Amino acid sequence: MLRDHRNAPIPDSLKALFTLIEKVALTSHEVTAEDTEAARRAGNSDEAIYDAITVCSLFKFYNTWTDGCGVERLTPEGYAASGKRLSQNGYVTRSAQ
């Protein structure tokens, strides 16, 4: 799936959605109404399309922002610790609940 979503064993609706998101991520200025319509014809709701574009755009923004600000990437150990913490506690700390 990560290497080639077009030939991955996933539903055609997801293939169409990932094709749209790929275009949003790489060449957003070239996205057309037909691109969105292709995702819709494949069975995606307007809400699913909107959510996917929003998540993609926000990740692109945050990655650009952190790279531009010089935020250092986590080490492999840091990612492992973060993943363990998230799997045990979720995104909200107990003190914030």
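Please find, within the stretch 25-60, the residue that is farthest from residue 15 (Cα to Cα) out of those that are aliphatic (A, V, I, L, M) and assigned to a loop (DSSP other than H, G, I, E, B).
31
Among the candidates 52, 25, 42, which residue alone is within 17 Å of residue 1 (Cβ to Cβ) and in contact with a Leu (Cβ under 6 Å, 6 or more places away or on another chain)?
Testing whether each residue is within 17 Å of residue 1 (Cβ to Cβ) and in contact with a Leu (Cβ under 6 Å, 6 or more places away or on another chain) leaves just 52.
For the stretch 62-86, enumerate the residues that are assigned to a helix (DSSP H, G or I), exposed (fewer than 10 other Cβ atoms within 10 Å of the Cβ) and of a type in the set (D, E, K, R).
Passing the criteria: only 77.
Among the residues that make up the stretch 47-54, is at least one of them among the small types (Gly, Ala, Ser), touching a Phe, Trp or Tyr at 6+ places or on another chain (Cβ under 9 Å) and modelled with pLDDT of 95 or more?
Taking every residue of the stretch 47-54 in turn, at least one turns out to be among the small types (Gly, Ala, Ser), touching a Phe, Trp or Tyr at 6+ places or on another chain (Cβ under 9 Å) and modelled with pLDDT of 95 or more.
The values are calculated or read from the model by the stated rules, or taken from the named source; none is laboratory data. In this text the structure is predicted, and so the values were computed from the model without any measurement. When we count neighbours, we look across all protein chains shown, and the Cβ atoms used for this are built from the backbone with ideal geometry, even at glycine.
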